[in-house]
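Report on the structure given below.
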Amino acid sequence: MAEVIWLTLKLAGFTTLVLLVISTPLAWWLAHGRSSLRPAVGALVALPVVLPPTVLGFYLLVAMGPDSPLIALLKPFGIRTLAFTFEGLVIGSVIYSLPFAVQPLRNAFQAVGRDPMEAASTLGASPWDSFLRVALPLALPGYAVAAILSFAHTIGEFGVVMMLGGGIPGKTQVLSVEIYRLVETLDWSAAHRLSAGLLVFAFAVMLSLLLFERRLTEVRT
């Protein structure tokens, strides 16, 4: 069981780190870009919210399987497949949890607005310096929300990891898949313990976010 918990935390940790990195430029562009493609890209980013996880998992399985064009490009580097691997799970989890990182960051960048950046620019700061020294510190609450939601969402995902990982012990068997396995084997007591633990975890996450949001509102007022 310890191995399953560690693998789940490892997957959630890697996924959250990757999401914060790739979501930053994407969220900034969605918040302040002027391209006519923004609505379409925003809808594409939000697609995992409404798309059944098994559908997303199926297409990821096809895309990462040994016969896909993507893997054909990676074969010279010794990669034969990403399906049923931990690396494949990270990619799938990043795509599945992308809206839970992008949306809080987008909201945070929209709240920052353009005025602080323009003020920094008039003082001689480059766009990169303005972002690092002005926009990024002001958007830190959004990063906290994005990190918490991404981590928690990855902990609880099932459909994508089941389709893409298959629940291989020591490689892709995370907590949600383990609960499913325990129910299949009629080990109700163990399933109850794990399910109750995830229930408490989910409640703690949501309560923390609500308290954090209330605290921010009190500080701003």
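The values are calculated or read from the model by the stated rules, or taken from the named source; none is laboratory data. Nothing here was measured: the structure is a model prediction, and the numbers come from that model. With ideal geometry, Cβ positions are generated from the backbone for all residues, glycine too; neighbour counts draw on all protein chains shown.
Which residues, counting only those in region 74-99, are among the polar types (S, T, N, Q) and touching a helix residue (DSSP H, G or I) at 6+ places or on another chain (Cβ under 7 Å)?
Selection gives Thr81, Ser93, Ser97.
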Check your understanding: If Gly65 passes every condition in (1) in contact (Cβ under 8 Å) with a residue 24 or more places away in the chain; (2) surrounded by 15 or more Cβ atoms within 10 Å (Cβ to Cβ); (3) closer than 20 Å to Phe158 by Cα but one, which one does it miss?
Key -> (1)
Practice item. For His153, work out the one condition from (1) free of Cβ contacts under 8 Å to residues at least 60 places away in the same chain; (2) farther than 14 Å from Val90 by Cα it doesn't fulfil. Key: (2)
Point to revise | Condition met for Leu89 (in contact (Cβ under 8 Å) with a residue 40 or more places away in the chain, out of contact with any Asp or Glu (no Cβ under 8 Å at 6 or more places or on another chain) and under 24 Å from Ile5 (Cβ atoms)) | key: yes
Exercise for review: Six or more apart or on different chains, Cβ under 7 Å: which pairs go from a residue in region 19-35 that's over 16 Å from Gly92 (Cα atoms) to one that's small (Gly, Ala, Ser) and part of a helix (DSSP H, G or I)? Could you list them?
Suggested key: Leu30/Gly42
Practice item. Return the only residue of Val21, Val45, Val41 being within 21 Å of Ala108 (Cβ to Cβ) and either acidic (Asp, Glu) or crowded, with 18+ Cβ neighbours inside 10 Å (or both). Key: Val45
**Study point:** Among the residues listed as Val134, Val183, the single one being modelled with pLDDT under 85 and aliphatic (A, V, I, L, M)
**Key:** Val134
Review point. When you look at Phe86, is it surrounded by 14 or more Cβ atoms within 10 Å (Cβ to Cβ), under 24 Å from Gln173 (Cα atoms) and among the aromatic types (Phe, Trp, Tyr), yes or no?
Key: yes
Point to revise | Output for region 99-147, where each listed residue is polar (S, T, N, Q) and part of a helix (DSSP H, G or I) | key: Gln103, Asn107, Gln110, Ser121, Thr122, Ser130
Check your understanding: For region 190-205, what are the residues that are under 19 Å from Glu3 (Cα atoms) and not aliphatic (A, V, I, L, M)?
Key -> His192, Arg193, Ser195, Gly197, Phe201
Check your understanding: Hey, any hits in region 148-171 for a residue that's touching a Lys or Arg at 6+ places or on another chain (Cβ under 9 Å) and either crowded, with 17+ Cβ neighbours inside 10 Å or in a helix (DSSP H, G or I) (or both)?
Key -> yes
Check your understanding: In this structure, does Tyr180 turn out to be more than 15 Å from Ile5 (Cα to Cα), in contact (Cβ under 8 Å) with a residue 12 or more places away in the chain and part of a helix (DSSP H, G or I)?
Key -> no
